[in-house]
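A.B. asks: Have a look at this one.
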Amino acid sequence: MRLSVLLSAARPRLPPGYRHGTWPPDSTTARLRNPPGQRRRKVFVEPIAKDDWKVFKGDTVQVLAGKDAGKQGLVSQVVQARNWVVVEGLNTHYRYVNRTAKYSSTYIASEAPLLLSQISLVDPEDRKPTEVEWRFTEEGERVRVSLRSGRILPVPPQPRKDGVVPEQWIDGPKDTSKEDALAKTYRPSLKTFEEEIMDAMGIVETRRAKKSYWY
């Protein structure tokens, strides 16, 4: 098991008034933007249940409003706490980064988040925006279904909190295989640690302890 999985299991407790952004809550940027003791104006977000969320990372969506209305792209990030989605290459703004006294900085493009009301999923049947809803198949599987064509929109493989997509992961030469991790190599015995070492090294104990009396 990866150490990052164990560390991500302990979720950080967010302070009251914490304002979510496109950065993880445990990142340095999030700590700088949410210093302890600072009171910020509350941001009201339309509540959406976790089971009712329909847009995921890797989905193809179409922008419905803004300067990139009508364009389609892939969702690269989802922030459910703010009902945000970030689309690759769309709704971009330009900014300067790494500006110092000796360096004039770099001018880069950055994607700004879009609200769920500003995007729509694309129907794979005709590549047009469509509304979707959750339904159950005859086998009991919960799937997203397009209301325009009735076609199922499968959920793309989602990464874990450490950024790894299990369906796309390929073990490297230094990775422990699943079979080796689950193999039972320990054999319990009533011997002490010293006796196990002696057996492993072929040492035979010929000494005998003298009789002792408690009185």
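What follows is calculated from the coordinates using simple rules that are stated; it is not laboratory data. The structure displayed is predicted, hence computed values, not measured ones. Every residue, glycine as well, gets a Cβ built from its backbone with ideal geometry; the counts of neighbours run over all protein chains shown.
A.B. asks: In segment 45-137, what chymotrypsin sites (Phe, Trp or Tyr not before Pro) fall in a loop by DSSP, with at most 14 other Cβ atoms inside 10 Å?
C.D. replies: W53, Y103
A.B. asks: Nearest 500 deg cm²/dmol is fine: what mean residue ellipticity at 222 nm does the chain get from its DSSP H runs of n ≥ 4 alone, each adding -39,500 (n - 2.57), divided by its residue count?
C.D. replies: Result for the chain: -3000 deg cm²/dmol, rounded to the nearest 500.
A.B. asks: Subtract the Cα-Cα distance of K54 and Q168 from 0.36 nm times their separation in residues, and report this length gain in nm to one decimal.
C.D. replies: 38.8 nm
A.B. asks: Now a separate question. Rounded, prolate or oblate, given the Cα gyration tensor of segment 154-215, with a/c below 1.5 counting as rounded?
C.D. replies: Verdict is prolate for segment 154-215.
A.B. asks: Measure off 7 Å from each Cα along the Cα-to-Cβ vector at Y94 and S189, then give the distance between these two points in nanometres to one decimal.
C.D. replies: It is 7.3 nm.
A.B. asks: I need the shape label for segment 48-201. Rule: rounded when a/c is under 1.5, else prolate if a/b > b/c, else oblate, with a, b, c from the alpha carbon gyration tensor.
C.D. replies: oblate
A.B. asks: Going toward the positive end of the dipole of the chain, with +1 on Lys and Arg Cβ and -1 on Asp and Glu Cβ, which of V87, I108, P188 do you reach last?
C.D. replies: Final value for the positive-end residue is I108.
A.B. asks: Sequence gap of 8 or more, or different chains, plus Cα separation below 29 Å: how many lysine pairs satisfy both in segment 30-140?
C.D. replies: For segment 30-140, the number of qualifying lysine pairs is 14.
A.B. asks: If R0 is 22 Å, what FRET efficiency do you get for K161 and L32 from their C-beta distance, rounded to 0.05?
C.D. replies: After rounding, the FRET efficiency stands at 0.55.
A.B. asks: What does the charge dipole of the chain about its Cα centre add up to, to the nearest 20 debye, if the Cβ of each Lys and Arg holds +1 and the Cβ of each Asp and Glu holds -1?
C.D. replies: Working: 37 positive and 27 negative charges, 295 e Å.
Dipole size: approximately 1420 debye.
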